[in-house]
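Colleague: First, the structure itself, so that you have it in front of you.
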């Protein structure tokens with residue numbers, strides 16, 4: 001057992017030391033919600049389809065909500081893969097309010113690059129925890145996707161039972177006000193986060209090749225900024 005931790009779960013879900021992840025303070029910038037490997041920023045095309053590395057899945061499937069999916073048409077889907085060695089907490093990429101959190105039941109299949117090649121719709125098959133935020137950038141969805149070996153996922157601001165058997169939609173009434181960098185949830189081991197943004201933002205990080213990112217670093221910016 002790692003020194004100072006009474007379980008592997010406590011080690012994997014440990015918090016950061018103060019100041020370990022400076023959060024970009026610019027109000028026109030969306031920061032990375034987690035540590036991990038930035039796999040790409042895919043345009044959300046007509047029929048709410050996301051094309052990522054030649055594979056296609058629909059946001060209606062991912063979000064279990066066709067109406068919400070339609071609102072992201074013309075935006076971006078940013079995918080970050082968390083390795084088991086990465087920091088396992090997920091944070092809000094900007095100031096905003098949590099409107100609801102949705103737990104979607106599913107499988108716990110591996111989300112490695114090889115697994116995605118075999119099953120392009122993998123993200124829409126695995127268990128998900130979806131944070132729906134209202135922000136100065138419009139509606140944002142931060143989707144936590146479980147994988148093989150993930151004990152469960154926790155929500156930081158509402159109680160969600162682990163491994164739901166049916167879709168749970170928990171409305172935040174009143175909405176929960178969050179500051180940029182506040183915690184959204186925890187993976188009890190690593191997996192994948194997909195950030196969905198509406199039209200009007202552009203990438204700040206390179207997208208041609210997978211790139212390591214750390215929570216808090218600049219990721220997206222409003223497109224009307226020179």
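Colleague: Exactly one condition in (1) buried (at least 18 other Cβ atoms within 10 Å of the Cβ); (2) within 12 Å of residue 100 (Cα to Cα) is false for residue 139; which is it?
Modeller: (1)
Colleague: May I ask you to list the residues in the range 171-192 that are assigned to a strand (DSSP E or B) and farther than 21 Å from residue 24 by Cβ?
Modeller: 171, 172, 173, 174, 175, 176, 186, 187, 192
Colleague: Here are the criteria: (1) closer than 29 Å to residue 16 by Cβ; (2) modelled with pLDDT of 85 or more; (3) in a helix (DSSP H, G or I). Tell me which single one residue 103 does not satisfy.
Modeller: Here residue 103 clears every test but (3).
Colleague: I'm trying to understand the selection: among the residues of the range 145-170, which are closer than 17 Å to residue 99 by Cβ and assigned to a strand (DSSP E or B)?
Modeller: Matches in the range 145-170: 155, 168, 169, 170.
Colleague: Pull up the range 79-100, narrow it to residues that are within 10 Å of the chain's Cα centre (by Cα) and either modelled with pLDDT under 95 or not in a strand (DSSP E or B) (or both), then point me to the one that is surrounded by the most Cβ atoms within 10 Å (Cβ to Cβ).
Modeller: For the range 79-100, the residue satisfying everything is 93.
Colleague: If you don't mind, there's one more thing I want to ask. Being closer than 22 Å to residue 35 by Cβ and touching a residue at least 40 places away in the same chain (Cβ under 8 Å) is the filter here, so list the residues in the range 127-144 that pass it.
Modeller: Across the range 127-144, the qualifying residues are 128, 129, 130, 131, 133, 135, 137, 140, 141, 142, 143, 144.
The values are calculated or read from the model by the stated rules, or taken from the named source; none is laboratory data. None of the values given here were measured: they were computed from a predicted structure. Quick reminder, even Gly has a Cβ in these numbers, built from the backbone with ideal geometry, and neighbours come from all protein chains shown.
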